[in-house]
Structures are given as C-alpha cells and as structure tokens.
Amino acid sequence: MVLTTTTPAPEQYVESSTFASRYVRQPLPRFQMPKNSMPKEAAYQVITDELMLDGNPRLNLASFVTTWMEPECDKLMMASINKNYVDMDEYPVTTELQNRCVNMIANLFNAPIGSGEAAVGVGTVGSSEAIMLAGLAFKRKWQQKMKSQGKPYDKPNIVTGANVQVCWEKFARYFEVELKEVKLKEGYYVMDPVKAVEMVDENTICVAAILGSTLTGEFENVKLLNELLTKKNTETGWDTPIHVDAASGGFIAPFVYPQLEWDFRLPLVKSINVSGHKYGLVYAGIGWVVWRSKEDLPDDLVFHINYLGSDQPTFTLNFSKGSSQILAQYYQLIRLGFEGYKRIMENCIGNALILKEGIEKTGRFEVVSKDVGVPLVAFALKDSTKYTVFQISDALRKFGWIVPAYTMPADAEHIAVLRVVVREDFSCSLAERLISHIQEVLKELDSLPSRIVKDSHVVAVAKEVVEENKDGEAAKMGDRKIQEKVTKQWRHYVKTKKTGVC
C-alpha cells in the first residue's frame, strides 16, 4: 500500500516568520482596535520591537524604583500574577502574607504593639495611595474633633515643606485640604521644623515630614519637629500630629541609622508610609502605610464587603489589584532579613560616596546632597554661564544614562541640579563609568560655542544685571544674580526637555 503525505507549501514556512509576513509592512494601530487578528508570534515581535526604543531601566538614574530582583522572586511573581489580591476569601494565604508584611514593617518602625499583636496597616499600589489614605485618616479625625467642639470644620490645612513629592499636592487638591508649604532657601533644601510649627494653627490636620527628600535625599529633623510641636500643643491645647513620608528612607534608616529617632518612638508620629518598590527592593507597584494604633484610623473609613465570600474589611482607594508585589515583598523580607537589607543599604551608600568623590574631583560641581540620607548624589554646576545641567543631562543620554536635571522649588528656583539615585544594582564599576562619561561630556561642551551666551535674551539679562551692579553692589552678588536669571531663562527654553523627578 502506498502512503501519501501532504507537504506544506513553501509560502506557509515563510509566513511563519514574522519578518517575512505582512504584519511588519503595516503600521501598528494607534487609535482603533484592528478588525482582524494576527498571530501571537507577530504580536509579540512587533511590540518587542517598539519597546527597544525605551531607555534601559538599569541605567535610569532618575528613578528610586527597583529595577532588579532575583530570578526566584521573578518566578514567584509570575506564578501569582493571576491572583486578585482583594479576593481575600479565595486567597487567604496571600492575605496572611500581606498581614505579615504589615507586622514586620510596623515593628521595623518601632510601633508600640505587643508581642504577637497585629499591627494596623495596609498594602497599597505605592506611596501615593498610602499618603492619600493617611491624609484621609487625619482629615476625618480632625473633622470629628471639630464637630464635637462645635467649631467649623470646612477649612482643613496640612503643613509640609516645599520639597514634598507631587502626591501631597494631589492629596490637597483632590480632598480639599489647604497645603501650607515651608519655602526652601539656598543651602537648606528641606523643611525647617521651626518655620513649620509656626505655620500650624487649629485647622492643621497634621505636619508631614519627609524621611528622604526627593530633591536631595536628606532626612528632615523629625525629632526636633516632634519636640517643637509638642510644646505648641501644650501651649494651645491642640493635638496636632505628625505623619512621616518615609517613601524613600523608610527601608534605609532602620538598617544604617538605627539610633536616628524619626518613627513611632516619637509620640506625635501617628502614621508612616514607605515604598516597597523603592528601597524595599520590589518592582514597581507596592507601598505600605502603617498607623501607630487602631485609634489613629477612624472606623468609618474602613469598608466591609461580603460579596466575595465572607466579610472583608478594606481601606484602599483601589479595589482589584494583583498579588505579585505583595508576595515579592514578603520574599525579600524573609530572604534578606535584617542582615541582608543592612548590607545592601551600606553598599548603596558606599557607592554613592564613590560617585560623589568622583564628581567633586572634576572641580566643576558643587554637591548639594548630604552624606546622611538616601543614597543619591545631587550636584549643581559652579558656573552655568557657558552651559547648564540640562545640556549635561541631554548629552549623557548618548551613553544610555538617564540623569534628571531640575530646578529647586520655591524659594530656591535659581538652583538647578543633576541627581543620580544609587540603587541596589548600581555597582562601583557603573559609578566609575558614569564619572568618566560625565568628564567626556564636560570636555565636549567646553569645546563647543556657548549656547547660552549666543541667546540674545540671556545676553540681555546678563547685561541688565551688570548695569544694576555698577552702583557698587558686591561683585559676588552680581554673579549670583546673573546665575539666577540665566538659570531662569534657560529653564524656560528646556521646559519641554526636563526629566521628571520621581
């Protein structure tokens, strides 16, 4: 008997290759869903090709967010990617792991809870949501107090430094709370506790202190703030509390600066937020907020739902969300332990110091960040009359580095800086390579005609300031005025190019 087989046409072999198919000749949809399907291989390939134009996350020195985790943790995250965390009845073990994380973090922050006692807190999608929840708790407690005293409760305010992250401005705008900002000044880029307490009044729902400023990494003096605010509360009869935004520093201070008092050891600190996806060493999408006690979280903010199988308390702005980041956080906490986190944070700080020393050796920059704080290096040009930090930032991109340039908030807008965040995966070798690339960029910019001096508007500004100083004003002040106005003018021209601060 003769057996016959059907041999596929050559076209079928060719069609199985994405680059031999029609899909690479068609533009990808941008506004409407396509009418027809495409093979999974083609969809994967064309999207992968598009993503090649993204920056390299490991070289993104603008971000505090974790960009590397161990392969075992990657597998754990993928295995739980289809679990909806909010379905606590269906996934009770996942819920238990989240509660364990809350307990560990609360104890790390010295919450006054007994042995074996559960802490009060919740996992969030990041510190932005955590801050919203903490702010709502403060606002509700303040409203309840004012109502009970028969006083108006329609004009709450919150006191912060001008260096706060934008999520605080969002909270104030979205939930109708006045944001009272302590302005910065040259050389002092964090909130002044004395000025902050002076701004507190009866309508202040809390004072927000930052443990790790986004701008310079510096820790604000929470202990002094607690002392001054305690004194004012005693004098006025108020009970204004403190919230600590430890998004960046919460997983650094306990391991590297254990004697620093900033957490629940201070009586007025009622809640703390921290980003698990920053120095908690988890990929983007996880934050935490913990309260000092149950009394600090009003019961009427907690919802109870039962349509997923059982009574489930929930206090979040989101509902459905994945479980992967929660499991990854638990993995890191038990995998690394206190010793592992301590070593990683010490490595980050050591590499930041190496980078700082290399930048200072160029002789071109003034480092404005502090050694005690989040491991980052923020530095400004000593002379910005020929080129600016924004041009340096642009030039570094040709090497693959993403280094943000930005101006300081009020009243220090004339200071423009570059900032490099040192994460777990930023090694000593990478620090040395970045220093060499900065030196190359400086050499290149030195050889080019000044883009600032050629700008007629900036020349006019400089001449105007020189004229102002003819009457005997100190030359040093004249230089500073030129620097301020030139920076302001350049800021206008590079506004669309500025890298956002994370």
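The values are calculated or read from the model by the stated rules, or taken from the named source; none is laboratory data. What you see is a predicted model, and the numbers here were worked out from it, not measured in a lab. Using ideal geometry, Cβ is built from the backbone for each residue, glycine included, and neighbour counts are taken over all protein chains shown. Areas reflect the complete protein model, heavy atoms only, side chains present, ligands, DNA and RNA absent. Shrake-Rupley method; radii C 1.70, N 1.55, O 1.52, S 1.80 Å.
Structure values in brief
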read-out	value
Per-residue ³J(HN,Hα) for the stretch 88-103, Karplus 6.51 cos²θ - 1.76 cosθ + 1.60, θ = phi - 60°, Hz, x for Gly and Pro	5, 5, 7, 10, x, 5, 4, 4, 5, 5, 5, 5, 5, 4, 4, 4
Enclosed volume per residue, in Å³, of the convex hull spanned by Cα atoms of the stretch 345-447	94
Å² per residue, accessible surface of the stretch 345-447 at 1.4 Å	38
1.4 Å probe accessible area per residue over the stretch 213-254, in Å²	32
Isotropic mean projected area of the C-alpha convex hull, the stretch 77-334 (nm²)	14.2
Sites Met33 and Ser427 - FRET efficiency at Förster radius 35 Å, r taken between beta-carbons, to 0.05	0.20
For Phe399, net neighbour charge (Lys/Arg +1, Asp/Glu -1) across residues whose Cβ lies under 12 Å away	0
Estimated distance in nm for a label pair at Glu50 and Asn84, the labels positioned 7 Å out from Cα along Cα-to-Cβ	2.7
Trypsin sites (Lys or Arg not before Pro) lying in DSSP loop within the stretch 257-360, provided at most 15 other Cβ fall within 10 Å	Arg265
Per principal axis, descending, Cα span of the stretch 141-264 in whole Å	46, 30, 27
20 Å Cα cut-off, lysine pairs counted over the stretch 26-168 (separation 8 or more, or different chains)	8
Extended-chain gain in nm, criterion 0.36 nm per residue less alpha-carbon gap, Lys75 and Thr385	106.5 nm
Mean separation of Cα contacts under 8 Å, 6 or more apart, over the residue count of the stretch 260-390: relative contact order %	14
Carbon and sulfur %, accessible surface of the stretch 9-110 computed with the full protein complex present, 1.4 Å	57
Sparse-neighbour loop sites [trypsin sites (Lys or Arg not before Pro); the stretch 149-193; at most 15 other C-beta within 10 Å; DSSP]	Lys183
Rounded to whole Hz, the Karplus (6.51, -1.76, 1.60) HN-Hα couplings of the stretch 214-223, x for glycine and proline	4, 6, 10, x, 6, 7, 6, 7, 5, 5
Length released on extending from Arg343 to Tyr23, taking residue separation times 0.36 nm less the Cα-Cα span	110.3 nm
Chymotrypsin sites (Phe, Trp or Tyr not before Pro) within the stretch 231-327, DSSP loop, no more than 10 other Cβ atoms inside 10 Å	Tyr307
Estimated FRET transfer efficiency (Ala118, Lys155; beta-carbon r; R0 22 Å; 0.05)	0.05
C-alpha center-to-center spacing [the stretch 173-246, the stretch 19-84] in angstrom	42
Rounded percent of accessible protein surface that carbon and sulfur make up, the stretch 267-367, 1.4 Å probe	52
Area accessible to solvent at Asp192, 1.4 Å probe radius, in Å²	40
Sequence-separation-based contact order of the stretch 103-203, relative, with Cα cut under 8 Å and 6+ spacing, percent	23
Val93 accessible area, assembled protein chains, probe 1.4 Å, Å²	100
